[in-house]
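Notes for the one structure printed next.
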């Protein structure tokens with residue numbers, strides 16, 4: 001039996017296994033029947049990614065060589081495009097990128113962009129009218145000058161290899177999620193407007209200059225004071241013994257992850273003072289922390305009366321005896337705390353994945369599901385909120 005003799009539903013099932021956009025569009029030329037089935041298949045596509053590490057779902061196709069960009073009628077095949085990933089495209093020329101950005105300007109439902117640098121096409125703002133989710137891997141020294149033109153529309157911003165004070169030049173009133181890797185050769189703090197609607201903050205800082213590293217300062221703690229509506233925070237702290245410089249109490253924060261790097265970890269007393277600013281915490285993870293042990297657990301649970309998840313994995317002072325202390329305290333005080341540590345784990349405890357990003361996008365705005373149990377470098381670039389709209 002030849003392919004053309006198959007029932008439409010069987011042929012469609014075969015076409016759904018083809019995930020490269022160039023190939024699918026070229027197959028529309030086979031015959032009218034194939035064209036109709038492929039148009040139906042592509043009408044369900046919401047995401048175009050550069051490679052299969054980006055996102056895997058029936059709503060995703062991959063760029064391939066990007067020849068589809070040369071088609072003036074490309075968007076008729078994908079009318080529901082929401083996210084376009086142009087990250088690390090081999091063989092893309094400047095002309096190819098211009099073609100891509102012209103498509104961005106015509107894609108009425110496009111909400112998300114993932115790309116390497118604003119330097120590739122500095123006039124991005126003239127192409128893209130309504131970006132709500134933006135991920136930039138290497139924005140460039142003056143990226144904020146271009147980005148500021150449309151920053152007020154952005155609800156999610158993922159930035160690597162920039163400096164946090166760059167955000168002070170932008171209007172980020174609508175921002176609800178910020179992922180920022182503060183990397184540079186000098187120490188800067190955020191001194192901009194209040195990020196009044198920010199709900200999720202993910203922050204990492206690495207300063208390579210010797211005079212900065214000797215200061216032993218992590219800029220993420222101070223940033224929290226500018227975010228009164230925070231519900232979820234993921235911090236990657238490389239300072240060795242810093243006392244957090246937060247001043248404001250936040251009753252909104254429910255989820256907090258602090259990852260320490262190598263030998264870095266503040267004293268338990270400093271950590272305790274920091275946590276006291278967030279009395280409504282329900283989910284707390286403190287990983288790779290060397291200054292906590294059995295003697296601190298009861299104090300920690302008393303400090304946080306709403307705590308229901310405590311994750312202290314990769315902390316050398318936490319052992320099986322720690323679990324008994326938590327269980328005993330909960331029994332005496334009528335509480336239930338899900339306790340995770342690095343030995344004696346049950347099979348249903350989520351593993352902390354390796355420190356590499358394998359999924360650029362997730363579907364749903366759920367920090368506990370997609371971020372809490374992950375290493376900082378494994379956090380998604382974009383969290384599509386299509387199901388919430």
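The values are calculated or read from the model by the stated rules, or taken from the named source; none is laboratory data. Nothing here was measured: the structure is a model prediction, and the numbers come from that model. Every residue, glycine among them, receives a Cβ derived from its backbone with ideal geometry; neighbour counts consider all protein chains shown.
Within region 34-49, the set of residues being part of a helix (DSSP H, G or I) and out of contact with any strand residue (DSSP E or B) (no Cβ under 8 Å at 6 or more places or on another chain) comprises 34, 35, 36, 37, 38, 39, 40, 41. Looking at region 238-254, is at least one residue modelled with pLDDT of 80 or more, under 19 Å from the mean Cα position of the chain (by Cα) and surrounded by 15 or more Cβ atoms within 10 Å (Cβ to Cβ)? Checking region 238-254: at least one residue is modelled with pLDDT of 80 or more, under 19 Å from the mean Cα position of the chain (by Cα) and surrounded by 15 or more Cβ atoms within 10 Å (Cβ to Cβ). For region 278-291, name all the residues that are over 19 Å from residue 377 (Cβ atoms), at pLDDT below 95 and touching a helix residue (DSSP H, G or I) at 6+ places or on another chain (Cβ under 9 Å). Matches in region 278-291: 291 only. Those residues that are in contact with a helix residue (DSSP H, G or I) (Cβ under 8 Å, 6 or more places away or on another chain) and either buried (at least 17 other Cβ atoms within 10 Å of the Cβ) or touching a residue at least 40 places away in the same chain (Cβ under 8 Å) (or both), I need them from region 16-25; list them, please. Within region 16-25, 16, 21, 22, 24, 25 qualify.
Of all residues in region 304-324, exactly one satisfies the criterion of being surrounded by 16 or more Cβ atoms within 10 Å (Cβ to Cβ), more than 29 Å from the chain's Cα centre (by Cα), touching a residue at least 24 places away in the same chain (Cβ under 8 Å) and outside any loop (DSSP other than H, G, I, E, B), namely 322. Within region 93-101, does at least one residue satisfy the condition of being at pLDDT below 75 and within 21 Å of the chain's Cα centre (by Cα)? Checked region 93-101: no residue is at pLDDT below 75 and within 21 Å of the chain's Cα centre (by Cα). Kindly indicate whether any position in region 190-208 is in a helix (DSSP H, G or I) and modelled with pLDDT under 90. The answer is no, given that none of the residues of region 190-208 is in a helix (DSSP H, G or I) and modelled with pLDDT under 90.
Conditions tested, residue by residue: (1) outside any loop (DSSP other than H, G, I, E, B); (2) modelled with pLDDT of 95 or more.
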{"site": "331", "(1), (2)": "yes, yes"}
{"site": "335", "(1), (2)": "no, yes"}
{"site": "345", "(1), (2)": "no, no"}
{"site": "352", "(1), (2)": "no, no"}
{"site": "368", "(1), (2)": "yes, yes"}
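Only one of the listed residues (38, 63, 78) is under 25 Å from residue 136 (Cβ atoms) and at pLDDT 85 or above. That residue is 78.
Tell me whether region 137-149 contains one or more residues that are on the phi < 0 side of the Ramachandran plot and at pLDDT 90 or above. No, there is no match, as no residue in region 137-149 is on the phi < 0 side of the Ramachandran plot and at pLDDT 90 or above.
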